[in-house]
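The values are calculated or read from the model by the stated rules, or taken from the named source; none is laboratory data. Treat the numbers as computed from the prediction; the structure is a model and nothing was measured. Here the Cβ positions follow ideal geometry from the backbone for every residue, glycine too, while neighbour counts run over all protein chains shown. Only protein heavy atoms, including side chains, enter the accessible area calculation; ligands, DNA and RNA are left aside. Shrake-Rupley method; radii C 1.70, N 1.55, O 1.52, S 1.80 Å.
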Amino acid sequence: MAVGCELIAVDFAFDVPLLGDIFASVDVVLYRCQMGDRILMGSGLWSRASCLSDSSLSRRLNFESLAVTLDSPLTTLVYPSFQRKVRGKGQVIMRHRKARISQKRPDPTSFPRVTIGSLPENILLDIFDIYRTSCIIPPSYLWWHVLVHVCGRWRYIVFQSPLRLHLRLQCNANTPVKKTLDVWPRSIPIVIQESRSRLPLSGANIIAALRHHDRVSEIILYTTSTVLKRLYKVMKKPYPVLTHLRIHISNSKSVPVLRNTFLGGSAPRLESLSLVGVSFPALPKFLPSCHDLVSVVLAEIPNAGYHSPEAMATALSVLTKLKEVSIGFESPASRPDPTNKPPSLLTRIVLPSLTSLWFFGASEYFEDLVARIDTPAILSVDARFFNQLDFDIPHFLQFIGRTQIPRFFEEVKLDFIDKRVYIHVGHRDPPGGQKALSISISCHALDWQVAFVAQICRNISPFLSNVERLLIATSHPDDVVFSDWKDYVDNLQWLELFHAFSALQHMRIPPRLGGIIASALQELTGERVMDALPMLHHLHLPSPSASTQQAIQPFISSRQRSNHPVTVHLTEMD
């Protein structure tokens, strides 16, 4: 590609999935595409192997302002071969600012050519930035290598704008860091990324990159405890430009420990922190130094890395930009000291920006933690507990009551999965499909799962008084025969669960649980017909067996005689 390469503009009014064969010889394209009611504007860089997909049309650029900057007016170009491909539905033309030029085929020799060399630097930067965001060359950190090899001017523009173009140098275990890193300008931050869990034990190239403390902006490592111990030796100095840190330890017999010297004890520009399977005793002292943190993920915390709910809440208290927090423990030993319960007149800390909270561990720890924090902007809470006999979560209910989450929900989904059961509470068709509350517990047997769900629903019953839809699902392995468990699941457990849904109108029962739940509903006949589910009007039984249909009939008949009929639908719930 040369500085004098051709520049054209394209305007078309239909959806075209691929244009690579049309623009195979064009280096830069400014396009304006109308897709339905949307006008999409942008630009792209092309080579003979390039193609334009629908997704890359989502980049927006002010087409009219670009037209003003050109030395000559944009001209009309018609491609007959393209017209044949779209069967006469449109044509590739050019616009002269806002006035459309005749769509008749012109004489190409009568129009002046506009070269890309006439574009000012700010317009080229716009084009480069759009190319960056729509680039399909994997990995994304390498996109700018193509541009800097075009010509000296492009190389100068790219290297003069490392922040605007988000330039990064990627290093992994195979990157010859000592030989190649000094070739590029020092203004380009370094990204250390290695997703293979089995790194060379020496980790020589990663260590060489980590020694550039003042240039490393991201560290993403999926490795073992042995390798991390080697890397840790060079990670004791401050990393002043580090914004993202992710360390994931897997399949390790020993637990790696990060001491208070890790990263020099602070990371002032850190925005995202993710530690999985790592013990970090100095974490409560480290977190307050990270004022820009937006996301904190602490998963599979080993026993050696335990921090009390009080210490965790205090460490998070200064992180006013924090939006996402995930805390997960490796074992049930994460239960806090029962003698150190939060006082009744506790002064809670406020996390004003937090929108998502995820937890996995003992319910006692979660109760203690949420009793110490207020999150006025929270949108979703996902709590997953280890198996235990009794659940008492009054602080959790008070915590939800102090948030902006609506206190009355419309829909509940119970998902009985192998070794775990989930309770999803929220609204029908929420933005992004996100449920407001999600609670789960680790347990395998169906009777334990039903007992847990009934207990939790009883605890959160104040939030279920407006629920109109209950969806019951199961994802147990196919070799599990639920009918064999019929005698192990007490009907009263199901009825206790149903008592929490006084306003329920629609209930969906999965085929594999149809017989068991139908047997429980047989208890609601005669004088007890209205003891539970008094507002139920629609029962959805997709693909029920003959035995299930027969077992459900006494309940349906009793409701009919009580003038509170229930309609059975043999289809999925809408």
Pairs, first farther than 19 Å from GLY152 by Cα and open to solvent by 40 Å² or more (accessible area, probe 1.4 Å) in the stretch 106-133, second of a type in the set (Lys, Arg) and at pLDDT below 70, C-beta under 8 Å, six or more apart: THR133/ARG59
Test result for PRO281, open to solvent by 10 Å² or more (accessible area, probe 1.4 Å) and farther than 20 Å from ARG168 by Cβ: yes
Answer from SER543, SER547 - the residue that is farther than 28 Å from ARG428 by Cβ and polar (S, T, N, Q): SER547
Top-ranked residue in the stretch 372-390 [being in contact (Cβ under 8 Å) with a residue 60 or more places away in the chain and open to solvent by 10 Å² or more (accessible area, probe 1.4 Å); ranked as nearest to ILE327 (Cα to Cα)]: ARG372
Test: residue in the stretch 192-204 that is touching a strand residue (DSSP E or B) at 6+ places or on another chain (Cβ under 8 Å), at pLDDT 90 or above and surrounded by 14 or more Cβ atoms within 10 Å (Cβ to Cβ): yes
Subset of the stretch 546-555 [of a type in the set (A, V, I, L, M) and crowded, with 17+ Cβ neighbours inside 10 Å]: ALA551, ILE552
Residue ID - modelled with the lowest pLDDT, chosen from residues in the stretch 139-172 that are in a helix (DSSP H, G or I) and small (Gly, Ala, Ser): SER140
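Here's a check for you: in the stretch 318-339, which residue that is assigned to a loop (DSSP other than H, G, I, E, B) and among the hydroxyl-bearing types (Ser, Thr, Tyr) is nearest to ASP368 (Cα to Cα)?
Taking the candidates together, the pick is THR339.
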Subset tally (residues that are out of contact with any Cys (no Cβ under 8 Å at 6 or more places or on another chain) and of a type in the set (A, V, I, L, M, F, W, C)) for the stretch 166-194: 7
Flag if LEU521 is modelled with pLDDT under 90, farther than 21 Å from PRO462 by Cβ and touching a Phe, Trp or Tyr at 6+ places or on another chain (Cβ under 7 Å): no
Where VAL412 falls short, out of the listed (1) part of a loop (DSSP other than H, G, I, E, B); (2) in contact with a Phe, Trp or Tyr (Cβ under 9 Å, 6 or more places away or on another chain); (3) in contact (Cβ under 8 Å) with a residue 60 or more places away in the chain: (1)
Residues (part of a strand (DSSP E or B) and either open to solvent by less than 40 Å² (accessible area, probe 1.4 Å) or modelled with pLDDT of 95 or more (or both)) located in the stretch 240-273: HIS244, LEU245, ARG246, ILE247, ILE249, SER272, LEU273
Residue that is least open to solvent (accessible area, probe 1.4 Å), among those in the stretch 305-317 that are in a loop (DSSP other than H, G, I, E, B) and either among the charged types (D, E, K, R) or in contact with a strand residue (DSSP E or B) (Cβ under 9 Å, 6 or more places away or on another chain) (or both): HIS307
Matching residues in the stretch 142-182 - criterion: being aliphatic (A, V, I, L, M), farther than 21 Å from ILE206 by Cα and open to solvent by 10 Å² or more (accessible area, probe 1.4 Å): VAL146, VAL150, LEU163
Members of the stretch 340-386 that are of a type in the set (Lys, Arg) and part of a strand (DSSP E or B): ARG384
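So that you can scan it fast, the table gives a plain yes or no per residue for (1) open to solvent by 80 Å² or more (accessible area, probe 1.4 Å); (2) out of contact with any strand residue (DSSP E or B) (no Cβ under 7 Å at 6 or more places or on another chain); (3) more than 16 Å from LEU495 (Cα to Cα):
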residue	(1), (2), (3)
THR525	no, yes, no
ARG528	yes, yes, no
LEU536	no, no, no
PRO544	no, yes, yes
SER557	no, yes, yes
GLN560	yes, yes, yes
ASN563	yes, yes, yes
HIS569	no, no, yes
ASP574	yes, yes, yes
Matching residues in the stretch 330-368 - criterion: being open to solvent by less than 10 Å² (accessible area, probe 1.4 Å) and among the hydrophobic types (A, V, I, L, M, F, W, C): LEU351, LEU354, LEU357, PHE359, ALA362, PHE366
Pair list, Cβ under 8 Å, 6 or more apart: the stretch 210-230 residue open to solvent by 10 Å² or more (accessible area, probe 1.4 Å), other residue of a type in the set (D, E, K, R): HIS213/LYS237; GLU218/ARG168; ILE220/GLU194; ILE220/ARG246; TYR222/GLU194; TYR222/ARG196; THR224/ARG198
